[in-house]
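Enquirer: Structure incoming, see below.
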Amino acid sequence: MADHPSASGPGDAQGPAISPPSRGARRPSMVLGGLLVLIGAILLAGQYVRVDIGHYGWPFFVIAPGVLILFVALSARGAVSEGLAILGSIVTVTGLILLVQDATDHYESWAYAWALIVPGAIGLGMILYGLIARRPGNVRSGTRLVAIALVLFLLGAAFFEGIVGISGYQLDHTAGVVLGALIIALGALMLVLNLTSSGRQSR
């Protein structure tokens, strides 16, 4: 028996399938659009609020390039993306520190604020890249660097602000003794945890 071809109407004809744009392709444009809205809102607010941008807002000229570098690094894919993410994080964090220092007129804090840049900003860039690129190893390494940076920053702030008194304030005798004891205890705890973890790994 001869096979009868199946009848098909004009509505059954199918053309090439057109896939909808993926969410990954939309993400860069969404981030860029959000940045443009934020910049426009700041410019509009500056027209109605009298703010001396040249005096108080100049750190944004450091923050903006850092955010732009971060945007390029996290939107693209390639061998240089991680390096750009770290660079953008360093520039952005430096601008934020300058913003706080300019608002408080306390540039002496560079004596210990450097820890937020190296290794802090480096770790932050690794975390951001690891989250976008789905690399847990980068996130873990970056988290350790950020934790080290916070410890260095807090210890530096306690020493330079409370003991040396670079801002004109010094701790009294009792507070200095308590702070010194806490720092020693924290250091001893970190040493013990490091030694115990090393002993377990050697087994």
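Enquirer: Residues to consider are Ala41, Ala64, Ala45; find the one that is modelled with pLDDT of 85 or more and assigned to a helix (DSSP H, G or I).
Expert: Ala64
Enquirer: Evaluate the following for Ser109: is it outside any helix (DSSP H, G or I), among the small types (Gly, Ala, Ser) and either at pLDDT 95 or above or more than 30 Å from Val80 (Cβ to Cβ) (or both)?
Expert: In short, no.
Enquirer: May I ask you to list pairs of residues, at least six apart or on different chains, whose Cβ atoms are under 8 Å apart, with the first in the range 184-197 being touching a residue at least 60 places away in the same chain (Cβ under 8 Å) and the second being loosely packed, with under 10 Cβ neighbours inside 10 Å and among the aromatic types (Phe, Trp, Tyr)?
Expert: none
Enquirer: Condition first: part of a helix (DSSP H, G or I), in contact with a Pro (Cβ under 9 Å, 6 or more places away or on another chain) and of a type in the set (A, V, I, L, M, F, W, C). Can you find one or more residues in the range 117-131 that meet it?
Expert: No: zero hits.
Enquirer: Just to be sure I understand, how many residues within the range 104-138 are of a type in the set (Gly, Ala, Ser), within 23 Å of Leu155 (Cα to Cα) and surrounded by fewer than 19 Cβ atoms within 10 Å (Cβ to Cβ)?
Expert: Result for the range 104-138: 1.
Enquirer: Something else: Condition test on Ile117, is it of a type in the set (Val, Ile, Thr), farther than 12 Å from Val93 by Cβ and out of contact with any strand residue (DSSP E or B) (no Cβ under 6 Å at 6 or more places or on another chain)?
Expert: So Ile117 fails the test.
Enquirer: Mind listing just one residue for me: the one in the range 136-165 that is over 28 Å from Leu124 (Cα atoms) and among the aliphatic types (A, V, I, L, M) and, of those, modelled with the lowest pLDDT?
Expert: If we take residues in the range 136-165 being over 28 Å from Leu124 (Cα atoms) and among the aliphatic types (A, V, I, L, M), then Ile163 is modelled with the lowest pLDDT.
Enquirer: Please verify whether Ile166 is touching a residue at least 24 places away in the same chain (Cβ under 8 Å) and among the β-branched types (Val, Ile, Thr), treating the condition exactly as stated.
Expert: yes
Enquirer: Before we move on, is Ala103 under 19 Å from Gly142 (Cβ atoms), among the hydrophobic types (A, V, I, L, M, F, W, C) and either touching a strand residue (DSSP E or B) at 6+ places or on another chain (Cβ under 7 Å) or in contact (Cβ under 8 Å) with a residue 12 or more places away in the chain (or both)?
Expert: no
Enquirer: Just a yes or no: is a residue in the range 85-103 farther than 20 Å from Phe61 by Cα, surrounded by fewer than 17 Cβ atoms within 10 Å (Cβ to Cβ) and at pLDDT 90 or above?
Expert: Looking for residues that are farther than 20 Å from Phe61 by Cα, surrounded by fewer than 17 Cβ atoms within 10 Å (Cβ to Cβ) and at pLDDT 90 or above, one finds none in the range 85-103, hence no.
The values are calculated or read from the model by the stated rules, or taken from the named source; none is laboratory data. Please read these numbers as outputs of a predicted model, since none were measured by experiment. Neighbour counts are summed over all protein chains in view; Cβ atoms, including those assigned to glycine, are modelled from backbone coordinates with ideal geometry.
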